[in-house]
Amino acid sequence: MPGCKTSKAGAITGNRATRKRRGNGENGYMIRIPLRIGYALRILQYMDKQDRRAVNAADLSEIVDVSYLYMMKVLGTLRNANIIESLQGRYGGYRLARDASEMTVFDIVIAVEGEVVLYKRHSGSDDEIVIKEYFDQIEALMISEMQKTTLRDLFNGLAAGKEKPVAI
């Protein structure tokens, strides 16, 4: 595609509103969720498995496969939002501030990103209003689903009303 480049991961990047990623998704198209949200959810998922034991940042950095400095930024954001707590001392580290059943995916997205916006108006044109209204409807559906889904639901594979897969 003219004006586009292909990243190492196979994503086509550029000025296009719709980006295609080879071999990803049912129809090959995707909307990008910021990496920070994915990292935050993976961090919280790992912490949830630790049964209230504190985990140090260096271990988390290796487990989530992100640089230590970036990990510290994400942990600081989650701590400031009271999603996790930090413990000092010899057995210190980080752990969930509340049970995963008491926090929603929306709580994490807002803590990490501050807002959910699919489309921002670029001009003062009245013609653009219909486009903005369309994306506002989709955004409202996304927010509703994230508000209904607790971290426990997500971590147990129960998100979006799906039943947990039965082991055969």
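Label-to-label distance, VAL130 versus ASN156, with points set 7 angstrom from Cα along the beta-carbon direction: 4.5 nm. When a/c is below 1.5 the answer is rounded, else prolate if a/b is larger than b/c, else oblate, so apply that to region 35-102 with a ≥ b ≥ c taken from the square roots of the Cα gyration tensor eigenvalues. Verdict is rounded for region 35-102. Is the shape of region 64-155 rounded, prolate or oblate, going by the alpha carbon gyration tensor and its root eigenvalues a ≥ b ≥ c, with a/c under 1.5 for rounded and a/b larger than b/c for prolate? Prolate shape, in that a/c is at least 1.5 and a/b is the bigger ratio.
Taking amide H as placed 1.01 Å from N in the peptide plane, ILE84 has its amide H under 5 Å from the amide H of ARG79, ALA97, each at least 5 places away in sequence or on another chain.
Rolling a 1.4 Å probe over the protein heavy atoms of region 27-90, with every protein chain left in place, gives an accessible area that is 49 percent carbon and sulfur. Considering only DSSP states other than H, G, I, E and B, which chymotrypsin sites (Phe, Trp or Tyr not before Pro) in region 107-137 qualify as loop sites with at most 15 other Cβ atoms within 10 Å? Filter output for region 107-137: TYR119.
Taking all protein chains into account, the per residue accessible area for region 58-168 stands at 66 Å² (1.4 Å probe).
The values are calculated or read from the model by the stated rules, or taken from the named source; none is laboratory data. What you are looking at is a predicted structure, and each value in this text was computed from that prediction instead of being measured. Using ideal geometry, Cβ is built from the backbone for each residue, glycine included, and neighbour counts are taken over all protein chains shown. Quick note on the areas: whole protein, heavy atoms, side chains included, nothing else; ligands and nucleic acids left out. Shrake-Rupley method; radii C 1.70, N 1.55, O 1.52, S 1.80 Å.
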